[in-house]
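Only the coordinates and a few stated rules stand behind these numbers; no lab work does. Source: prediction; values computed, not measured.
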Amino acid sequence: MTYNTDNIFNKRQDMIVDFAFNESVAQVFPDMIRRSVPGYETIISFAGLFAQQYIQANSNVYDLGCSLGASTTAILQRKIETPFNMIAVDNSTAMINQCKANLAQFKHQTVDLVCDDLQNINIENASFVILNFTLQFTPREKRQHLLQSIYQGLRPGGALLLSEKIIFPGAQDQIFHENMHHMFKRANGYNDLEISQKRQALENTLLPETLDTHLQRLQACGFDYANKWFQCFNFCSFVAIK
Ligand code: GEK
């Protein structure tokens, strides 16, 4: 499948509506996320490595907010010999339809594709769970409960990979990382109008938190180990082990 270049925000819009993962976004998504999220490709390839380390025999592996299946693809490309069930979830029909087509290339492993809100998913018998830039789109007050249910559904020794855009408690840090993120997008061909219209569209939908809030929440869930393993400007990835 070839995807189009993201130019969704390059025309001035009279009224900016909240960002939605619709058909037009799904058609440009790989280009959009690669040009917008510093470190995205590194995190995706490392998801395969985490999978190899943490997947346990006859367990479930969840990719929550799978979009077009990038993390699932990274896992399946590893050809892990331990038998496991792969479950990929997204509440966008456009994403799930395209994800299904993308994953059809894998003949050695089927994937249960679920089009639903991840809050409705019963996590059970899990050894590896991925929330790659998904938790940030759920209401803040629901996050503790969600992560707690992931913790409950994980086997001992199982892992959660959580990646998020973060904010900083200090103004200087916030300004530095925001500026560098802006430069990253400029360097990837987005102009100032596109950057500011996208920022406005995401204002009410992508709700970032600080690094400490994430780590404290993971600790409160009961994880044995929780730490940041990757950061590129204001984008971070955590691992938590039960
Ligand atoms: C990747 N993980 O390529 N329930 C299910 N899905 C949701 C929900 C929800 N409540 N809220 C948002 N989504 C992917 C990238 S993108 C990140 C994840 C980004 C879905 C939404 O439809 C979208 O596909 C995904 O989460 C977020 O590694 O665009 O910044």
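Can you pull the Rg over Rh of region 95-218, Cα-only, Kirkwood?
A ratio of 1.02.
Answer rounded, prolate or oblate for region 94-164, using the Cα gyration tensor with square roots of eigenvalues a ≥ b ≥ c: rounded when a/c is under 1.5, else prolate when a/b is larger than b/c, else oblate.
Since a/c reaches 1.5 but b/c is at least a/b, the shape of region 94-164 is classed as oblate.
Which of the lysines could be linked to Lys228 by a straight reach, that is with a Cα gap under 19 Å, when you skip same-chain ones fewer than 8 residues away?
Lys165, Lys242
Express in whole angstrom the spacing between the alpha-carbon centres of region 152-179 and region 34-59.
Each part's Cα centre sits 15 Å from the other's.
List the relative contact order of the chain as a percent without decimals, with contacts defined as Cα pairs under 8 Å and 6+ residues apart. Don't skip to the answer; put the middle values down first.
On the way: 426 pairs, mean separation 54.8, N = 242.
23 percent.
Is the shape of region 17-129 best called rounded, prolate or oblate, per the rule: a/c under 1.5 gives rounded, else a/b larger than b/c gives prolate, else oblate, with a ≥ b ≥ c the square roots of the Cα gyration tensor eigenvalues?
Note, shape of region 17-129 comes out prolate.
Can you give the calculated 222 nm mean residue ellipticity of the chain, where each DSSP H run of n ≥ 4 adds -39,500 (n - 2.57) and the sum is split over every residue, rounded to the nearest 500 deg cm²/dmol?
-12500 deg cm²/dmol
If the cut-off is a Cα-Cα distance under 22 Å, which lysines reach Lys79, setting aside same-chain residues fewer than 8 apart in sequence?
Within the straight-line cut-off, Lys79 pairs with Lys100, Lys107.
Tell me which residues come under 5 Å, amide H to amide H, from Ile166 once H is placed; ignore anything under 5 positions away on its chain.
For Ile166, whose amide H was placed from the backbone, the distant partners under 5 Å are Phe235, Cys236.
Could you name the aspartates and glutamates whose alpha carbon sits less than 18 Å from that of Lys198, not counting residues in the same chain fewer than 8 places away?
Straight-distance partners of Lys198: Asp6, Asp14, Asp18, Glu23, Asp31, Glu164, Glu178.
Sort out for me the Cα centre separation of region 95-149 from region 63-87, rounded to whole Å.
What the calculation gives is 11 Å, centre to centre.
For region 211-240 and region 194-210, write down the distance between their C-alpha centroids in whole Å.
Value for the Cα centre distance between the two parts: 21 Å.
Got the relative contact order for region 17-129 handy, in percent, Cα pairs under 8 Å and 6 or more residues apart?
Taking the mean separation of contacting Cα pairs over the length of region 17-129, I get 30 percent.
Quick check on the chain: take the gyration tensor over C-alpha atoms, sort the square-rooted eigenvalues as a ≥ b ≥ c, and tell me if it's rounded (a/c under 1.5), prolate or oblate.
Taking the square roots of the gyration eigenvalues as a ≥ b ≥ c, the chain is oblate.
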